[in-house]
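J.: Following this message is one structure expressed as structure tokens.
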Amino acid sequence: MSRFPLSGIPLLLFVAGFFHFIQVIATYVFMGPIAGRGEGQGNTAPSDCVSAVTRRGLVTFVLGSGVLVMLNARAIFQGGGLAISLCALLALVFSYRFYAQIFFFSRFLRLGAHRVAHWVLVFCAGFSSVVYSYSIVVLFVR
């Protein structure tokens, strides 16, 4: 039996951590065309549904967790309670992001949001949630 499923996990974790950066960039590209709609008319733009402070906090969390995973991919693979907890947290966060991107943010495509950025976000969030979930299973089994 091949050992790739086990030996490839640190690489998958590193790639998932890198995808955190891609998601931040793609989010700005996705929301860019609709960010200024309704300004000056008393309307709020769809991107203003979440306050600027909260957005900055989420960006900081995504970037920080991406750096954490990229720098510690091998240590996470070694296991332990903290590694499993971190993978569980990130699996939940990116599973929700995957759900929200498909069922909530897809409406913004009608308002002019960038379609390719939308599918990049769907792919990155889906990939990350699968990698973190798979890592949980492997860490529990070992």
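The values are calculated or read from the model by the stated rules, or taken from the named source; none is laboratory data. Predicted model, so just to flag it, every value in this text is computed and none were measured. Heads up, the Cβs are rebuilt from the backbone with ideal geometry, glycines too, and the neighbour counts pull from every protein chain shown.
J.: Here are some residues: 69, 130, 122. Which one is among the aliphatic types (A, V, I, L, M), touching a residue at least 24 places away in the same chain (Cβ under 8 Å), farther than 18 Å from residue 59 by Cβ and out of contact with any strand residue (DSSP E or B) (no Cβ under 8 Å at 6 or more places or on another chain)?
T.: On the way: 69 fails: farther than 18 Å from residue 59 by Cβ; 130 fails: touching a residue at least 24 places away in the same chain (Cβ under 8 Å).
Within the list 69, 130, 122, the selection yields 122.
J.: Among the residues of region 41-63, is there at least one that is outside any loop (DSSP other than H, G, I, E, B), among the basic types (Lys, Arg) and at pLDDT below 90?
T.: Within region 41-63, the first condition is being outside any loop (DSSP other than H, G, I, E, B), and the residues that meet it are 46-49, 52-63.
Applying the additional criterion that residues be among the basic types (Lys, Arg) yields 55-56.
In the following step, the residues that additionally are at pLDDT below 90 were identified as 55-56.
Yes, because at least one residue in region 41-63 is outside any loop (DSSP other than H, G, I, E, B), among the basic types (Lys, Arg) and at pLDDT below 90.
J.: Which of (1) in contact with a Lys or Arg (Cβ under 9 Å, 6 or more places away or on another chain); (2) surrounded by fewer than 20 Cβ atoms within 10 Å (Cβ to Cβ); (3) not acidic (Asp, Glu) does residue 142 not meet, given it meets every other one?
T.: All conditions pass for residue 142, except number (1).
J.: Separate question: Can you run down the residue pairs with Cβ atoms below 9 Å, 6 or more apart or on separate chains, where the first is in region 102-117 and more than 18 Å from residue 22 (Cα to Cα) and the partner is assigned to a helix (DSSP H, G or I) and of a type in the set (Ser, Thr, Tyr)?
T.: Sorted first by the residue in region 102-117, then by its partner, the pairs are 108/47.
J.: Do we have any residue at all in region 75-91 that's more than 30 Å from residue 7 (Cα to Cα) and assigned to a helix (DSSP H, G or I)? Steps first, please.
T.: The first filter runs over region 75-91 and keeps only residues more than 30 Å from residue 7 (Cα to Cα), leaving none.
No.
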